[in-house]
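Scroll down for the structure; my scribbles are underneath it.
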Amino acid sequence: MKTLKRILGVLLIFLFGVFVGAVVTGAGATQKFREMVIGGPEAVMDVIVKRLDHELKLDNEQKRKLQAIMDDALIRLRQSRAKVQPEVEATLLEAEQKTRTILYPNQVKKFDDFIAHSREKWKAKEGTEAGATPMPGTPAPATPAPVEPATPQ
(Lines give C-alpha, C1' and ligand atoms only; values in the text may rest on other atoms or scores of the structure.)
Protein backbone atom coordinates (compact mmCIF):
# COMPACT_ATOMS: atom_id res chain seq x y z
CA MET A 1 0.00 0.00 0.00
CA LYS A 2 2.89 2.36 0.81
CA THR A 3 4.38 1.76 -2.64
CA LEU A 4 1.07 2.60 -4.32
CA LYS A 5 0.84 5.86 -2.35
CA ARG A 6 4.38 6.78 -3.32
CA ILE A 7 3.72 6.05 -6.99
CA LEU A 8 0.49 8.07 -6.91
CA GLY A 9 2.28 10.92 -5.11
CA VAL A 10 5.05 11.03 -7.73
CA LEU A 11 2.47 10.80 -10.51
CA LEU A 12 0.45 13.69 -9.04
CA ILE A 13 3.57 15.82 -8.67
CA PHE A 14 4.51 15.04 -12.27
CA LEU A 15 1.02 15.91 -13.56
CA PHE A 16 1.01 19.11 -11.51
CA GLY A 17 4.36 20.05 -13.06
CA VAL A 18 3.04 19.40 -16.55
CA PHE A 19 -0.04 21.51 -15.82
CA VAL A 20 1.97 24.42 -14.38
CA GLY A 21 4.42 24.24 -17.28
CA ALA A 22 1.60 24.36 -19.82
CA VAL A 23 -0.03 27.33 -18.09
CA VAL A 24 3.24 29.27 -17.86
CA THR A 25 4.14 28.51 -21.48
CA GLY A 26 0.66 29.50 -22.68
CA ALA A 27 0.76 32.73 -20.69
CA GLY A 28 4.19 33.55 -22.09
CA ALA A 29 3.08 32.89 -25.64
CA THR A 30 -0.06 34.98 -25.12
CA GLN A 31 1.97 37.85 -23.70
CA LYS A 32 4.44 37.70 -26.59
CA PHE A 33 1.59 37.71 -29.11
CA ARG A 34 -0.09 40.64 -27.32
CA GLU A 35 3.14 42.65 -27.34
CA MET A 36 3.57 41.93 -31.03
CA VAL A 37 0.03 43.05 -31.87
CA ILE A 38 0.27 46.18 -29.73
CA GLY A 39 3.70 46.99 -31.15
CA GLY A 40 2.28 47.09 -34.66
CA PRO A 41 4.10 46.25 -37.87
CA GLU A 42 7.49 47.20 -36.41
CA ALA A 43 7.17 44.57 -33.68
CA VAL A 44 6.01 41.94 -36.18
CA MET A 45 8.95 42.67 -38.48
CA ASP A 46 11.33 42.54 -35.51
CA VAL A 47 10.04 39.10 -34.55
CA ILE A 48 10.42 37.92 -38.15
CA VAL A 49 14.01 39.17 -38.32
CA LYS A 50 14.91 37.53 -34.99
CA ARG A 51 13.27 34.25 -35.96
CA LEU A 52 14.96 34.14 -39.37
CA ASP A 53 18.28 35.00 -37.76
CA HIS A 54 17.85 32.19 -35.25
CA GLU A 55 16.54 29.59 -37.71
CA LEU A 56 18.87 30.36 -40.63
CA LYS A 57 21.96 31.44 -38.67
CA LEU A 58 22.36 34.61 -40.72
CA ASP A 59 25.73 36.30 -40.85
CA ASN A 60 26.10 40.04 -40.16
CA GLU A 61 25.82 41.03 -43.82
CA GLN A 62 22.64 38.99 -44.27
CA LYS A 63 21.14 40.51 -41.11
CA ARG A 64 21.91 44.00 -42.37
CA LYS A 65 20.33 43.28 -45.76
CA LEU A 66 17.30 41.60 -44.18
CA GLN A 67 16.80 44.62 -41.92
CA ALA A 68 16.96 46.91 -44.98
CA ILE A 69 14.33 44.75 -46.71
CA MET A 70 12.08 44.93 -43.64
CA ASP A 71 12.55 48.69 -43.33
CA ASP A 72 11.55 49.11 -46.98
CA ALA A 73 8.50 46.90 -46.44
CA LEU A 74 7.44 49.01 -43.45
CA ILE A 75 7.72 52.21 -45.48
CA ARG A 76 5.62 50.71 -48.26
CA LEU A 77 3.03 49.40 -45.76
CA ARG A 78 2.71 52.88 -44.24
CA GLN A 79 2.24 54.37 -47.70
CA SER A 80 -0.47 51.83 -48.50
CA ARG A 81 -2.16 52.50 -45.20
CA ALA A 82 -2.09 56.26 -45.80
CA LYS A 83 -3.87 55.76 -49.14
CA VAL A 84 -6.60 53.58 -47.63
CA GLN A 85 -6.97 55.37 -44.28
CA PRO A 86 -9.43 58.08 -45.41
CA GLU A 87 -11.83 55.44 -46.75
CA VAL A 88 -11.50 53.41 -43.54
CA GLU A 89 -12.22 56.50 -41.44
CA ALA A 90 -15.27 57.37 -43.53
CA THR A 91 -16.61 53.83 -43.24
CA LEU A 92 -16.12 53.76 -39.46
CA LEU A 93 -17.71 57.19 -39.04
CA GLU A 94 -20.71 56.07 -41.10
CA ALA A 95 -21.04 52.91 -38.98
CA GLU A 96 -20.82 55.03 -35.82
CA GLN A 97 -23.58 57.33 -37.05
CA LYS A 98 -25.78 54.41 -38.10
CA THR A 99 -25.25 52.78 -34.72
CA ARG A 100 -26.51 55.94 -32.99
CA THR A 101 -29.76 55.69 -34.96
CA ILE A 102 -30.61 52.32 -33.42
CA LEU A 103 -29.83 53.33 -29.84
CA TYR A 104 -32.28 54.57 -27.25
CA PRO A 105 -31.56 58.05 -25.86
CA ASN A 106 -30.18 56.64 -22.61
CA GLN A 107 -27.73 54.45 -24.59
CA VAL A 108 -26.30 57.22 -26.77
CA LYS A 109 -24.32 58.80 -23.90
CA LYS A 110 -22.75 55.44 -23.01
CA PHE A 111 -21.97 54.82 -26.67
CA ASP A 112 -20.30 58.23 -27.01
CA ASP A 113 -18.26 57.55 -23.87
CA PHE A 114 -17.23 54.18 -25.30
CA ILE A 115 -16.15 55.79 -28.60
CA ALA A 116 -14.26 58.57 -26.79
CA HIS A 117 -12.48 56.05 -24.54
CA SER A 118 -11.48 53.94 -27.56
CA ARG A 119 -10.07 56.98 -29.34
CA GLU A 120 -8.07 57.99 -26.26
CA LYS A 121 -6.53 54.52 -26.07
CA TRP A 122 -5.54 54.67 -29.74
CA LYS A 123 -4.13 58.19 -29.40
CA ALA A 124 -2.02 57.04 -26.46
CA LYS A 125 -0.80 54.11 -28.55
CA GLU A 126 -0.01 56.46 -31.44
CA GLY A 127 2.28 58.45 -29.19
CA THR A 128 4.44 55.36 -28.70
CA GLU A 129 4.73 54.61 -32.42
CA ALA A 130 6.92 56.89 -34.49
CA GLY A 131 5.24 57.87 -37.72
CA ALA A 132 2.06 55.99 -36.92
CA THR A 133 -1.14 56.79 -38.72
CA PRO A 134 -4.10 57.91 -36.59
CA MET A 135 -6.74 55.48 -35.47
CA PRO A 136 -9.58 55.07 -37.90
CA GLY A 137 -12.38 57.44 -37.09
CA THR A 138 -10.21 59.76 -34.97
CA PRO A 139 -11.00 62.97 -36.84
CA ALA A 140 -14.73 62.51 -36.25
CA PRO A 141 -16.44 65.60 -34.89
CA ALA A 142 -16.51 66.00 -31.12
CA THR A 143 -20.27 66.48 -31.18
CA PRO A 144 -22.08 63.77 -33.08
CA ALA A 145 -24.37 64.63 -35.92
CA PRO A 146 -27.97 64.77 -34.74
CA VAL A 147 -29.81 61.58 -35.49
CA GLU A 148 -33.28 60.41 -34.73
CA PRO A 149 -33.04 57.97 -31.77
CA ALA A 150 -34.85 54.68 -31.95
CA THR A 151 -38.15 54.56 -30.11
CA PRO A 152 -38.85 51.72 -27.67
CA GLN A 153 -41.24 49.14 -29.03
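The values are calculated or read from the model by the stated rules, or taken from the named source; none is laboratory data. Note that the structure is predicted; figures quoted are calculated from it, not measured. So basically every Cβ, Gly included, is an ideal-geometry build from the backbone, and we count neighbours across all protein chains shown.
Does GLU61 count as in a helix (DSSP H, G or I), out of contact with any Cys (no Cβ under 6 Å at 6 or more places or on another chain) and surrounded by 15 or more Cβ atoms within 10 Å (Cβ to Cβ)?
no
Looking only at the stretch 92-106, which residues are in a helix (DSSP H, G or I) and either of a type in the set (A, V, I, L, M, F, W, C) or touching a residue at least 24 places away in the same chain (Cβ under 8 Å) (or both)?
LEU92, LEU93, ALA95, GLU96, GLN97, ARG100, THR101, ILE102, PRO105
Does ARG51 satisfy being among the basic types (Lys, Arg) and without any contact (Cβ under 8 Å) to a residue 12 or more places away in the chain? Considered against the rule, which asks whether it is among the basic types (Lys, Arg) and without any contact (Cβ under 8 Å) to a residue 12 or more places away in the chain, ARG51 comes out as yes.
Contact annotation: residue pairs with Cβ atoms under 8 Å, 6 or more positions apart or on different chains, pairing a residue in the stretch 31-44 that is of a type in the set (A, V, I, L, M, F, W, C) with a partner that is in a helix (DSSP H, G or I) and at pLDDT 75 or above, are MET36/ALA43; MET36/VAL44; MET36/VAL47; VAL37/ALA43. Summed over the stretch 1-50, the residues that are of a type in the set (Asp, Glu) and surrounded by fewer than 11 Cβ atoms within 10 Å (Cβ to Cβ) give a count of 0. Scanning the stretch 65-109 for residues that are exposed (fewer than 11 other Cβ atoms within 10 Å of the Cβ), more than 30 Å from ILE48 (Cα to Cα) and charged (D, E, K, R) yields LYS98, LYS109. Every residue in the stretch 93-125 that is modelled with pLDDT of 90 or more and either among the hydrophobic types (A, V, I, L, M, F, W, C) or under 24 Å from PRO41 (Cα atoms) (or both), please. Once the filter is applied, which keeps residues that are modelled with pLDDT of 90 or more and either among the hydrophobic types (A, V, I, L, M, F, W, C) or under 24 Å from PRO41 (Cα atoms) (or both), the stretch 93-125 yields LEU93, ALA95, ILE102, LEU103, VAL108, PHE111, PHE114, ILE115, ALA116, HIS117.
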